[in-house]
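Following: one structure in structure tokens, then a few remarks.
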Amino acid sequence: MDARTQEFLEYVQSGGQVETGDWMPDEYRARLIKFIEMHGNSELMGVLPERDWILRAPTLQRKLALTAKIQDEVGHAQLIYRVVEDLGKPRSACLDDLVSGKAKFHNVFHYPTKTWGDVGVIAWLVDAAAIVSQKALLKCSYAPYARIMKKICWEESFHILHGRDVILAMVTGTDEQFGLVQEALDRWWEPLMHFHGNPIPAEEDPMFVWRIKSQGNEEARQQFLEGYVSQIRELGLEIPDPALRKDEETGTWLYTEPDWEKLRSVVTGHGPASEERLAFRRLSRQDVDWVERVVLAEAA
Amino acid sequence: MIFEVFRQERKGQPFQHAGSVVAPDEQFAEIYAREQYGRRQESVALWLVARDDVTEIAEFPDEFDLKYRRVDGYSIKTRLREARERAGTVDMAPGASDAS
Amino acid sequence: MSDRTDLLLSLADDELVLGWRNSEWTGIAPFLEEDVAFSSIAQNEIGHARALYELAAAELGTTADELAFDRTPEEYRCAPLVELRRLEWARTIARHWLYETADEIRLGELKTSEDPEIAGIAAKMNREEAYHRMHAEMWVDRLLSTDDGRSRLKEAVDELWPYALGVLDDELRPELRRRAEERLERKLAEVDAVPRGVHESELAELLEEMTSVRRSAPPGSQW
């Protein structure tokens, strides 16, 4: 590592932040692009599991709230891809890499949604897991990314409340409705435990080393469990992991080791809904690509 | 010409509007703003924008009070109590669930 | 049912079904900025529908949700224009613009209604619709500015024109023609309107999907 890079590394590790026009090592730029692009891709792909339910939402209030939530996610993708563009990768290149399967998106968006119970579980718990990661990004060493995270976290807090409200309505409804929530939770628990990634030590995680992330994977998962296990259990819902408990001495949550190989397989495009989602994205992009041509064209 | 001046106090902070300068052109504006807003090292960067180039949007009609997209549009207390009663968990640590 | 509830339900059903159709673009609009903008328009429309249903519900002794979800397809009073399934973008813009233009004419009448509740809600709706119109007109002008865009828009407008006429009562149709021809700078066909009261088959399909979650649960369920 040359002296300038070493100095940069020490700067970010001591809490220093970097602006778009500042010098930065090539490796840092490349890691930033990869990380932030995946975040943008995830927001965009995260729209798909939920959008069908806009059309099926059972009340006007829920339809409005769900539309607003998904709108926020598209908005987040816009904010995030702007940051990537300023780092040197155009949005169209990000979308090309996304639909070709070259770039990744988050594991939870590779799964199908089956019932209205999924809508609640996603908005409440998937977004809760996401906000843990995103709050930690408020301290990202790359300042333009850290700054947009403020708006993103603010909006996510509405998503979580909307989701929790959907869940509360269902668990206080009929037994069948309670059952739908439990069944959705059973399906989503594994993806949720995968969400923050395998527990590699933070010091070995290049994203932490460059202070793109400000916490390690396991730390994020512990924070999620600490915040939400009791909120889930107090509703009478059962978390499908008999080993899940808090070690009161160490304050650490213990759980059955998730299948990390499965996580790797899912995020590399082998999840139950990966291919279908990408195909849908490809198709919807094809249908409208003339619009961009027309809008960007000089007036005739 | 009037130039609006935005200053950044520290790296990582957002640029905030600090005031404006009048100058015959951008070059003058740069010199004047530099002295007015940066001579004590109080800024790490400035943005100058000609006032005529600023597009302001100041109306955001929400005639039907669409609170469903705001956190204050939800009140979960009653349902939460009902859910706890139904689950028989009223005694479970209440602190954990008051986060929202 | 009174003429008043009949009117309220026509307006509400138009806004609900168009809002529903427009929300089909959520997440897949031509680009991200447009996605966010168009979603707000869809949300406003659903919001208008809700406010209108609430007025009608007060009179009928029911709720906005029951009016929105629990009627049979034949009971809906929406214009066939809003029922057509998610169209491609040029048709979406054409419908959006034709509807907003017709709606402005209709709301202009209703704002002067002697019924203070109707006049009030029309004025409130109109203040939001002003931004919808701005959006629709911006798109129409943009499409008109290129050969490709103009020919796509022309095809879409010509196809939807009889439907657009059907949004309004007879006496208001000439005004819609005047405004539309002025912006397009061309004559539109002399055709019969596709009127309110007949439904496209797409409406039944739409309602089938819209109510699927709601119908799936027995009474006593809450959402």
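The set of residues from the range A:109-130 being crowded, with 23+ Cβ neighbours inside 10 Å and not small (Gly, Ala, Ser) comprises A:Phe109, A:His110, A:Trp116, A:Asp118, A:Val119, A:Val121, A:Ile122, A:Trp124, A:Leu125, A:Val126, A:Asp127. With the structure loaded, tell me whether C:Arg4 is under 30 Å from A:Leu79 (Cβ atoms) and among the charged types (D, E, K, R) or whether it fails that test. For C:Arg4, the condition - under 30 Å from A:Leu79 (Cβ atoms) and among the charged types (D, E, K, R) - is not met. State whether one or more residues within the range C:39-47 are surrounded by fewer than 23 Cβ atoms within 10 Å (Cβ to Cβ), over 19 Å from C:Ala204 (Cα atoms), more than 11 Å from chain A (Cβ to nearest Cβ) and β-branched (Val, Ile, Thr). No: the range C:39-47 contains no residue that is surrounded by fewer than 23 Cβ atoms within 10 Å (Cβ to Cβ), over 19 Å from C:Ala204 (Cα atoms), more than 11 Å from chain A (Cβ to nearest Cβ) and β-branched (Val, Ile, Thr).
Residue count for the range B:45-76, restricted to those that are more than 21 Å from the chain's Cα centre (by Cα), loosely packed, with under 14 Cβ neighbours inside 10 Å and at pLDDT below 95: 2.
For the criterion of being in a helix (DSSP H, G or I), among the small types (Gly, Ala, Ser), modelled with pLDDT of 95 or more and surrounded by 16 or more Cβ atoms within 10 Å (Cβ to Cβ), C:Ala102 passes.
The residues in the range C:105-131 that are in a helix (DSSP H, G or I), of a type outside the set (A, V, I, L, M, F, W, C) and away from every other protein chain (no Cβ under 11 Å) can be counted, and the count is 5. Checking the range A:88-106 against the condition returns a match, with at least one residue being within 23 Å of A:Gly163 (Cα to Cα) and more than 12 Å from chain C (Cβ to nearest Cβ). For the range C:66-75, filtered to residues that are surrounded by 19 or more Cβ atoms within 10 Å (Cβ to Cβ) and in contact with a Ser or Thr (Cβ under 9 Å, 6 or more places away or on another chain), the residue that is nearest to C:Pro219 (Cα to Cα) is C:Phe69.
One line per residue, one yes/no per condition, for (1) part of a loop (DSSP other than H, G, I, E, B); (2) under 25 Å from A:Ile167 (Cα atoms):
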{"site": "A:Glu238", "(1), (2)": "yes, yes"}
{"site": "A:Asp241", "(1), (2)": "yes, yes"}
{"site": "A:Lys246", "(1), (2)": "no, yes"}
{"site": "A:Glu249", "(1), (2)": "yes, no"}
{"site": "A:Glu261", "(1), (2)": "no, no"}
{"site": "A:Val266", "(1), (2)": "no, no"}
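Exactly one residue out of A:Met24, A:Met45, A:Met38 is over 16 Å from A:Phe280 (Cβ atoms) and in contact (Cβ under 8 Å) with a residue 60 or more places away in the chain: that is A:Met38.
Return the only residue of A:Leu66, A:Leu48 being surrounded by fewer than 24 Cβ atoms within 10 Å (Cβ to Cβ) and either part of a helix (DSSP H, G or I) or touching a Gly at 6+ places or on another chain (Cβ under 9 Å) (or both). Spell out how you get there, then give the answer.
Values: A:Leu66 fails: surrounded by fewer than 24 Cβ atoms within 10 Å (Cβ to Cβ).
Answer to the selection: A:Leu48.
Residues of the range C:22-38 that are facing chain A (nearest Cβ under 8 Å) and either in contact with an Asp or Glu (Cβ under 9 Å, 6 or more places away or on another chain) or β-branched (Val, Ile, Thr) (or both): C:Ser23, C:Thr26, C:Gly27, C:Ile28, C:Ala29, C:Pro30, C:Phe31, C:Val36. Look at the range A:50-65: where a residue is at positive phi, no partner that is surrounded by 23 or more Cβ atoms within 10 Å (Cβ to Cβ) sits 6+ places away or on another chain with Cβ atoms under 8 Å. On the basis of being away from chain A (no Cβ under 14 Å), crowded, with 18+ Cβ neighbours inside 10 Å and more than 11 Å from the chain's Cα centre (by Cα), does C:Arg91 make the cut? The answer is no for C:Arg91.
The residues on offer are A:Glu155, A:Glu85, A:Glu73, and the sole one that is away from chain B (no Cβ under 14 Å) and among the acidic types (Asp, Glu) is A:Glu85.
The values are calculated or read from the model by the stated rules, or taken from the named source; none is laboratory data. Not measured: the values here are computed from a predicted model. Positions of Cβ are backbone-derived with ideal geometry, glycine not excepted, and every protein chain shown enters the neighbour counts.
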